[in-house]
Amino acid sequence: MTTTTAAKPVRGARLALLIGGLAGVGFGIAVLAWPTKAAVALTGVIAVYAIIAGIVYAALGFFSKELGAGGRIGHILLGVLYLIAGVYAFSSLQRSAAFLALFLTVLVGVMWIIEGFTALFALGGSGSRIFTIVFAIVSVIAGFMLLSSPLWGAVFLWWFLGVALVVLGALNVVRAITGKKA
C-alpha cells in the first residue's frame, strides 16, 4: 500500500516536470520565432492581470468592513491605478510592450550595478574574495552595458530568455522522461 501511495507524488512530480518543460520549450520557441508578437502577447497578459487586480483592489476598498478609512481609500486608489495601467496597455499593446521591455532592461541594469557594489561591500564576510571581486566587476560592467544601450540590452535579454526557456524546458522534459520510477 505504501508503494502505491509513494508512487503518486513521484508520478505527479514527473508529470509536472514534463508539462512545465514542454510549456517552457513552447514559450521559448515563440519568443525566438516571433519576438515582437510574443512580447505583445505577454504585455496583453500583464494588462489583463492589471485590470483584474484593479477590480479586486477597488472591490476590497468599497466592500471590506475590516479596513479603516485609510485602507479603503488606499485600496480604491490602487485599484484605479491598476485599471488605468491595464486599459492604457490595451490601448496600445505594441507601445506598451516596448516601454515594458525598456523599463525592465533599465531596472535589471540598475539592479546588477547595485548587486555588484553590494558584493564589494560584503567582501569582508565572503568565503572567496577573488570570486566575489570578479562577480562584482562583471555585475557592474554588465549593468552599465545594459544602461548604455537599453534597446540592445532589451533585445539581448529577450533573446536570452527565449534560449533559456528552450534549454531549461528541454532539460525538464528529459528529467521527467528519465527520472526514477516509483
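General remarks:
- Exactly one residue among Y82, Y49 is closer than 30 Å to V155 by Cβ, open to solvent by 70 Å² or more (accessible area, probe 1.4 Å), modelled with pLDDT of 90 or more and not hydrophobic (A, V, I, L, M, F, W, C), and that residue is Y49.
- Verdict on L18 being under 16 Å from R175 (Cβ atoms), crowded, with 16+ Cβ neighbours inside 10 Å and at pLDDT below 95: yes
- For segment 52-75, the set of residues classified as open to solvent by 40 Å² or more (accessible area, probe 1.4 Å) and in contact with a Phe, Trp or Tyr (Cβ under 9 Å, 6 or more places away or on another chain) consists of I52, I55, V56, Y57, R72, H75, listed by residue number.
- Segment 120-143, residues that are closer than 13 Å to V108 by Cα, surrounded by 15 or more Cβ atoms within 10 Å (Cβ to Cβ) and of a type outside the set (S, T, Y): V140, A142, G143
- Whenever a residue of segment 129-149 is without any contact (Cβ under 8 Å) to a residue 24 or more places away in the chain, its partners that are surrounded by fewer than 16 Cβ atoms within 10 Å (Cβ to Cβ) and aromatic (F, W, Y), lying with C-beta atoms within less than 8 angstrom and at least six residues away or across chains, give the pairs A136/F117.
The values are calculated or read from the model by the stated rules, or taken from the named source; none is laboratory data. Quantities reported herein were computed from a predicted structural model and do not represent experimental measurements. Cβ atoms come from the backbone with ideal geometry, glycine included; neighbour counts cover every protein chain shown. These area figures cover heavy atoms from the full protein model, side chains too; ligands, DNA and RNA do not enter into them. Shrake-Rupley method; radii C 1.70, N 1.55, O 1.52, S 1.80 Å.
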